[in-house]
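Below is one structure, written out as structure tokens; the observations come after it.
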Amino acid sequence: REISGRFDMAELMVSGGFDMAQLMVEPTVSDALSAWMCPLSNTGSVEPRFGVVPAVMGASAASGYELELLLNDLAAKFMVQLDASGEARSDALVALQHSNLVLQCAVSPEGDLEVHGPMKGPGLVPGLAFNPLGCRAVQLALDVADRSVAAELASRLRGQVAAAIDSPHANYVIQKVIKVLTLQEVPFIIEELRNFGLVLARHEYGCRIFCRLLEHAAGNEGTNQMVESILPETRDLVFHEYGHHVIESVLEHGFYHQKAHIVAELRKGLLRNAKVRSVAFVIEKALLYSGKTDQQALVSDFTAFSEDEMAALAKNRFGCMVLRALLRTSSEVMKPRLMGPSVLPRLKATKHGKHVLSEGGLSDLLNATD
């Protein structure tokens with residue numbers, strides 16, 4: 001079907017009413033063709049890849065803007081059908097599952113598109129996964145498909161997991177795959193990541209993938225290998241803007257010895273660390289999820305602080321966050337320490353300190369005279 005002088009690829013793909021291989025070489029339609037190809041390389045070298053891109057046979061490479069238009073239109077149509085039920089949803093899933101004809105292409109240093117002919121490839125899923133709207137369509141498909149179809153769709157990302165994690169869009173697709181499928185169903189995920197634990201922990205999107213693996217597959221051998229690889233860097237990671245999220249997830253979902261290692265590192269320079277935003281979040285998780293012995297050790301360290309040291313915590317925003325966590329886990333021990341003559345005035349003087357008193361059941365002290 002041709003609409004406004006061009007092919008409506010979303011309609012064609014979902015309806016299945018065409019022979020892609022024949023269409024790609026038919027001279028009478030070549031000027032209006034939108035074919036499945038790779039996202040154009042931004043480098044100056046020829047780089048054969050696979051994916052989705054609009055192109056006109058025999059013409060210059062399509063612009064990135066045209067690529068986004070096609071993928072957005074395609075993704076929007078898929079989302080409408082996937083949100084529906086019955087035959088419409090089934091047709092959309094079939095189209096995603098079986099659309100595996102692509103063109104191999106390369107971009108020359110001059111920016112010209114070099115087409116190397118139709119062949120089998122990963123189809124629509126990779127191209128959509130790296131698109132802002134398309135990644136939402138793929139995630140929706142993974143949610144509504146049965147497990148076997150979801151595993152087939154996910155398999156189209158084999159070999160592209162690292163690139164997906166580096167994408168602000170495709171990383172959400174990898175997260176969804178980990179949520180809806182087991183690593184036994186998609187073993188390539190952990191196979192492609194298991195040697196890059198520290199890189200993931202320090203990456204803006206990679207830390208999310210690491211956390212999802214811990215939430216849904218902490219017992220997997222590959223996940224455990226990744227955790228063990230980052231433990232020697234715990235002291236660095238608790239201060240890292242992304243790494244601290246992974247350490248928190250290890251405290252919540254990891255093995256006992258892994259949690260104990262993290263607590264041992266936290267106890268070094270505890271007073272200074274408790275006043276740092278990222279470390280304060282880690283200490284909070286340690287107080288909630290580490291083993292009883294390690295929890296008690298942390299509480300003992302805090303209660304051993306002098307009144308002046310407690311006062312230093314009380315006047316710091318993140319120190320107050322740690323004090324609230326201590327009150328939630330060890331209120332009987334901590335309440336007397338917070339009522340000291342140097343500590344209480346500091347708590348009453350700041351918004352965060354008042355929250356500590358309020359959440360700790362000490363609200364009556366807020367209006368009391370010094």
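The values are calculated or read from the model by the stated rules, or taken from the named source; none is laboratory data. Fair warning: this is a prediction, and the values are worked out from it, not measured in the lab. Cβ placement follows ideal geometry from the backbone for every residue including glycine, while neighbour counts extend to all protein chains displayed. Side chains are part of the model used for accessible areas, which takes the heavy atoms of the whole protein and leaves out ligands, DNA and RNA. Shrake-Rupley method; radii C 1.70, N 1.55, O 1.52, S 1.80 Å.
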Residue hits (the stretch 267-296; open to solvent by less than 70 Å² (accessible area, probe 1.4 Å) and within 26 Å of the chain's Cα centre (by Cα)) are 276, 278, 279, 280, 281, 282, 283, 284, 285, 286, 287, 290
Of all helices (runs of 4 or more DSSP H) fully inside the stretch 282-364, the set with 2 or more residues that are in contact (Cβ under 8 Å) with a residue 40 or more places away in the chain, farther than 26 Å from residue 249 by Cα and hydrophobic (A, V, I, L, M, F, W, C) is 307-314
(1) closer than 29 Å to residue 276 by Cβ; (2) open to solvent by less than 60 Å² (accessible area, probe 1.4 Å); (3) within 18 Å of the chain's Cα centre (by Cα) all hold for residue 186 apart from (1)
Exactly one of 173, 180 is touching a residue at least 40 places away in the same chain (Cβ under 8 Å), farther than 22 Å from residue 229 by Cα and β-branched (Val, Ile, Thr), and that residue is 173
